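What follows is one structure encoded as structure tokens, with my remarks underneath.
The values are calculated or read from the model by the stated rules, or taken from the named source; none is laboratory data. Since the structure is predicted, the reported quantities are computational estimates derived from the model, not experimental observations. All Cβ positions, glycine included, derive from the backbone under ideal geometry; neighbour counts span all protein chains shown.
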């Protein structure tokens, strides 16, 4: 049943841009509890060329995707996603958090 709920949730994200934005904003908890599911859903939401999210949601999405990548052992992709979060909205809270995540990596504190 959980699988069907996840697939219907992913389908809603692709159809309703606002649902994507809301999921991206809420996804830090998802990245903590179910990092693999968060990785797949965020990757899909951010890859949608037909949906254009604002800079705030892009920054949030890339930061949260970076967290999911890190928690699933995709460290190189995590670094790339954290940098995308910074580039999307450099002075945002998400950019600051991404910079901190990159500093933790460079100082070896994971």
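The residues in segment 77-87 that are buried (at least 20 other Cβ atoms within 10 Å of the Cβ) and over 24 Å from residue 34 (Cβ atoms) can be counted, and the count is 1.
For segment 88-110, a tally of residues being modelled with pLDDT under 95, in a helix (DSSP H, G or I), over 19 Å from residue 35 (Cα atoms) and within 15 Å of the chain's Cα centre (by Cα) returns 2.
Does segment 59-76 contain any residue that is assigned to a helix (DSSP H, G or I), surrounded by fewer than 15 Cβ atoms within 10 Å (Cβ to Cβ) and out of contact with any helix residue (DSSP H, G or I) (no Cβ under 8 Å at 6 or more places or on another chain)?
Pass one, segment 59-76, residues assigned to a helix (DSSP H, G or I): 59-71, 75-76.
The next check asks that each one be surrounded by fewer than 15 Cβ atoms within 10 Å (Cβ to Cβ); those that pass are 75-76.
Add one more test, that the residue is out of contact with any helix residue (DSSP H, G or I) (no Cβ under 8 Å at 6 or more places or on another chain), and what stays is 76.
Scanning segment 59-76, I find at least one residue that is assigned to a helix (DSSP H, G or I), surrounded by fewer than 15 Cβ atoms within 10 Å (Cβ to Cβ) and out of contact with any helix residue (DSSP H, G or I) (no Cβ under 8 Å at 6 or more places or on another chain), so the answer is yes.
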